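Novice: Okay, handing you the structure first.
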Amino acid sequence: MLTFADAETAYDYFVESYGDGLPVVLPTAQRVDDLLRACGRDPNDVLGAIFPSGTRATVRDVAVNAVMAGLPSAAFSIALAAVEAATDPTFNLNGIQSTTHHAAPLIIVSGPLAAHAGMNAAGNALGQGNRANLTIGRTLRLVMMNVGGGRPGETDMSVQGSPAKTGFAYAERLDLLAWPSLAQRQTGRADSTTVTLFAAEGPHMLGDHRSATADRLLQNFAETMRAPGSTNSCAPGDMVLAICPQHAAILARDDFTPETIARELFERARNPLGFLEGLGEFDETRTRRFASAYGDPNDPQTRVPVIARPESLIVTVTGGTTGGFSTVVPTWPASTHVFRIVRGNA
Amino acid sequence: MSCSVRDAAELESRGVPTVVYANDVFRPIAYGTAEILGFSRAYVDENVVFFAHPTSNLTRSHVFGLVDDAIETVERALLGTRDVVAPNVARSTDTVDLTEIGELLEPLRASLREDGATLALDDVRAGVVHARLEVDEAACADGTCVLPRRNLVALLEAALRARYDGMHVELDDSRERSLAGT
Amino acid sequence: MIELHDPRGSPETPSVRIATRPKSLYGLTIGLLENGKENADALIDRTAELLTERGATIVRARKPSFSRPAPTDVIDSLAHCAAVIAAHGG
C-alpha cells in the first residue's frame, strides 16, 4: 500500500505518476475490495506476465487499475479476460508496448456477458457515451502502463500513437446477427462470451449506401482493406471488420457467412507486386518472401493479400441501423490475435 | 530495439558477450529495457553502438561507411574496453557547481524574467538545487502570470536531468509566502 | 493520511549475469545476428568483412521477426560463439 498525507496529494500523485492523462479514481482498499467481491475470484490468482516489465499481474492488480479507470463492477470479468489474453505470447505484448508502430490493443467482446456488463453494441459502438466500452479498454491500458511499465518516451516508442491507445473496446451486436456470433464460432457454444484481443491500427471507416449486392459491397471492402499505407499491405497479417447491421443484412441476404466473407476478401483484397514495388513499406527481401507464399515472388503480377489467411480476418457485426458505415481495422503484423472465454461474474 | 536488448540479455546469461547496434532514437528504450531486465544504464553505454537515425533509407554504401566509422568502437565494446562518453547521458551530481547549473537554466530564467519573476539559485548539494522564486508584485500582482510552482519545478528538473542524473529542485516560492501571510 | 493500493503490482528484481569479455578478437568466432529491419543486413555484411580482417571467424544468424525476441533455436546457434553482435536497423 502507498501512504499519502491527504487525498488531494494522493490524487495529484496518481494522475501524474500512474495515469494515462485523464483523471483517475483513487484505488482505496474499500473500492478495490468491492470490485474483487463482485468477481468472486481469488485476488492472488496470477493472470500472467505483463511485458516489458514482466511483472506477473494478479486479479488484485487488475482490480486496482480497474478502479482507477472507473470500470463498472459488472464489466470486471471482461477486463480480466482481456488482461489474461494480453499475456499470451502469440499476442506479442512486449512488441506492442515498445513498437514505433501505432498499434493498440482492441478488445472485441462477443456474447451475452457484453450486455450484462452494460456495453453498447448499437449506435456509436466504437465511440463515446458508454462507460463500460470506454473503461474496459482503459483498464487494460492502465495495466499495461503500471504493471507492464509501458510508458511513452521511456519504453513506448510509438511515433504518433493513436486515440485507440487510450482504450479501444467494442461489443458485437447479437440481436441483428444473421449468423453465429464470433464467440460461438470460436468456442462452438452459443452461450459463451469471449474477448478477442487484436493489435489495432487506427480504425478506418467504410461508407457505402449504393451497393445493393454483396458482390459490389465486398469490392468496396477489399479496396479499403488494401490501402498501401497500412503495414498489412507489405506484410500480410490479421485485420478486423466491424460490419454495420445494414451492410451485414446485404451480405446475409446474398448467402454470405463470416467464413465466406473472409475467403472472398482474402482473394480480392490483394495488391500486385508490381504496384507495391517502390511504394511505401515494400521491402525487396521481406515483401518478396511473403509474396512467395502466394505466387512467384519475382512476377509483378503476383497478387499479395493483405490478410495472411482467410482466418486472419475477424468478422464482426456492430453499430446502429441508421446507415451504411462499417469499419476496417488493419493491424501490426508482428502480433496475432488471441481470444479468451469470459468467466461469468459470481 | 527492446527485443534486441532482450536477446543480448539472453546471450549474456549464456556466457556470450554481446554488443547491440541500434539507431540513436532508441536510446531511451535501450535504457528502459536494460533497467527492466536488471542491467544498469552503464550496460547500454558500454555495449550498445548507436547510429544516427534513420538508417532504413540509406544506400548500402552509405551504411558501409557508417560501419567503417564505428568499427573501432565496436571492437572496444566487444573487448569491454570502450571509453564511454555517451552524448546527453546523465552524469553524477557530485561535482556540479552553481555556475554550471545557472548556465543550464538560463533560458528558463530568462523567460521567467520576461514574466516579471526572478529565479535565484542559492545552493546545490547532494543532488538538490535550492532555488528561490521572487515575483515582482508590480508586474503581476497575484503571481499567476508565472508558471504554477508544480509545473515550474517539473520544467527545471527536466532541464537539469538532461545533463545530470536524478537532480531535484527545492523551490522557495514567494507566492506561497504571500498566501500564507494573508 | 490516506492509504492506496499500488497499481504497479509486485515487480520482481531480476538477477542478471554479464559475460566475461575476450582479450582480443583474433581467432575468435563471432556471431552476427541480423534482426531483419531495413538495412540491418548491410550493417552486418560490412561488420563481417571488417571483423574477418581482424582475424575473427564469422557465424551469421537471422531473426524471423524483428518485433519479437529471437527464438531459442536462433540463440542456440550462437551460444558457442565467443561474442555476438546483434544488429537492429531502422
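Novice: So C:Leu28 passes all but one of these: (1) facing chain B (nearest Cβ under 8 Å); (2) farther than 24 Å from B:His62 by Cα; (3) in contact (Cβ under 8 Å) with a residue 40 or more places away in the chain. Which condition number does it fail?
Specialist: Status for C:Leu28: all satisfied but (1).
Novice: Right, another one. Of all residues in the stretch A:325-346, which are more than 14 Å from A:Ile78 (Cβ to Cβ), touching a helix residue (DSSP H, G or I) at 6+ places or on another chain (Cβ under 9 Å) and not small (Gly, Ala, Ser)?
Specialist: Across the stretch A:325-346, the qualifying residues are A:Phe325, A:Val328, A:Val329, A:Pro330, A:Thr331, A:Trp332, A:Pro333, A:Thr336, A:His337, A:Val338.
Novice: Hey, can you tell me all the residues within the stretch A:80-91 that are more than 21 Å from A:Arg185 (Cα to Cα) and surrounded by 24 or more Cβ atoms within 10 Å (Cβ to Cβ)?
Specialist: A:Leu80, A:Val83, listed by residue number.
Novice: Which one is farthest from the chain's Cα centre (by Cα) among residues in the stretch A:323-343 that are surrounded by fewer than 24 Cβ atoms within 10 Å (Cβ to Cβ) and at pLDDT below 95?
Specialist: A:Arg343
Novice: Next question, about the same structure. Out of the strands (runs of 3 or more DSSP E) lying entirely within the stretch A:185-277, which hold 1 or more residues that are in contact (Cβ under 8 Å) with a residue 24 or more places away in the chain, of a type in the set (S, T, N, Q) and within 26 Å of A:Met144 (Cβ to Cβ)?
Specialist: A:194-200
Novice: Filter the stretch C:33-62 for residues that are of a type in the set (Lys, Arg) and more than 8 Å from every other protein chain (Cβ to nearest Cβ); which is nearest to B:Ser2 (Cα to Cα)?
Specialist: Checked the stretch C:33-62; the qualifying residue nearest to B:Ser2 (Cα to Cα) is C:Arg62.
Novice: Something else now. Which one of these is at pLDDT 95 or above and loosely packed, with under 15 Cβ neighbours inside 10 Å: A:Pro43, A:Pro23?
Specialist: It is A:Pro23.
Novice: I've got another one for you. For residues that are in a loop (DSSP other than H, G, I, E, B) and touching a residue at least 40 places away in the same chain (Cβ under 8 Å), tally how many sit in the stretch A:295-308.
Specialist: Result for the stretch A:295-308: 2.
Novice: A follow-up question, please. If we scan the stretch B:65-83, do we find a residue that is more than 24 Å from C:Gly31 (Cβ to Cβ) and in contact with a helix residue (DSSP H, G or I) (Cβ under 8 Å, 6 or more places away or on another chain)?
Specialist: Yes: one or more hits.
Novice: Working only within the stretch A:245-301, note down all residues that are touching an Asp or Glu at 6+ places or on another chain (Cβ under 8 Å), charged (D, E, K, R) and farther than 24 Å from B:Thr59 by Cα.
Specialist: Result: A:Asp254, single match.
Novice: Any residue at all in the stretch A:172-182 that's surrounded by 15 or more Cβ atoms within 10 Å (Cβ to Cβ), under 17 Å from A:Pro330 (Cα atoms) and not charged (D, E, K, R)?
Specialist: no
Novice: To continue, here is another question. Restricting attention to the stretch A:309-339, and to residues there that are closer than 21 Å to A:Thr194 by Cβ, in contact with a strand residue (DSSP E or B) (Cβ under 6 Å, 6 or more places away or on another chain) and in a loop (DSSP other than H, G, I, E, B), which single residue is nearest to the other protein chains (Cβ to nearest Cβ)?
Specialist: Filtering first and then ranking leaves A:Ser335.
Novice: While we're on this one: Report yes if B:Thr118 is closer than 30 Å to B:Val20 by Cβ and either modelled with pLDDT under 90 or outside any strand (DSSP E or B) (or both), otherwise no.
Specialist: no
Novice: Turning to a different aspect of this structure: Within the stretch A:226-246, can one find any residue that is modelled with pLDDT of 95 or more and surrounded by fewer than 16 Cβ atoms within 10 Å (Cβ to Cβ)?
Specialist: No, the stretch A:226-246 contains no residue that is modelled with pLDDT of 95 or more and surrounded by fewer than 16 Cβ atoms within 10 Å (Cβ to Cβ).
Novice: Let me ask you something else. Scan the stretch C:63-90 residue by residue and report those that are more than 7 Å from every other protein chain (Cβ to nearest Cβ) and charged (D, E, K, R).
Specialist: Scanning the stretch C:63-90 gives C:Lys63, C:Asp73, C:Asp76.
Novice: For the stretch A:15-46, give me the residue count where each residue is in contact (Cβ under 8 Å) with a residue 40 or more places away in the chain, within 11 Å of chain C (Cβ to nearest Cβ) and farther than 20 Å from A:Pro72 by Cβ.
Specialist: Of the residues in the stretch A:15-46, 1 are in contact (Cβ under 8 Å) with a residue 40 or more places away in the chain, within 11 Å of chain C (Cβ to nearest Cβ) and farther than 20 Å from A:Pro72 by Cβ.
Novice: Pick from the stretch B:12-62 the residues that are more than 7 Å from chain C (Cβ to nearest Cβ), in contact with a Ser or Thr (Cβ under 8 Å, 6 or more places away or on another chain) and modelled with pLDDT of 90 or more: which of them is nearest to A:Ser158 (Cα to Cα)?
Specialist: Step by step, filter the stretch B:12-62, then rank; the result is B:Val49.
Novice: Would you mention how many residues in the stretch A:163-174 are under 13 Å from the mean Cα position of the chain (by Cα) and outside any helix (DSSP H, G or I)?
Specialist: Summing the residues that are under 13 Å from the mean Cα position of the chain (by Cα) and outside any helix (DSSP H, G or I) in the stretch A:163-174 gives 7.
Novice: Just to verify a result, which residue in the stretch B:146-182, among those that are in a loop (DSSP other than H, G, I, E, B) and at pLDDT 70 or above, is surrounded by the fewest Cβ atoms within 10 Å (Cβ to Cβ)?
Specialist: B:Pro148
Novice: For the stretch A:52-63, which residues satisfy the criterion of being facing chain C (nearest Cβ under 10 Å), in contact (Cβ under 8 Å) with a residue 60 or more places away in the chain and buried (at least 24 other Cβ atoms within 10 Å of the Cβ)?
Specialist: Those that are facing chain C (nearest Cβ under 10 Å), in contact (Cβ under 8 Å) with a residue 60 or more places away in the chain and buried (at least 24 other Cβ atoms within 10 Å of the Cβ): A:Ser53, A:Ala57, A:Asp61, A:Val62.
The values are calculated or read from the model by the stated rules, or taken from the named source; none is laboratory data. Every value quoted in this text rests on a predicted model; they were computed, and no experiment measured them. Note that we place each Cβ from the backbone using ideal geometry, even for glycine, and neighbour counts take in every protein chain shown.
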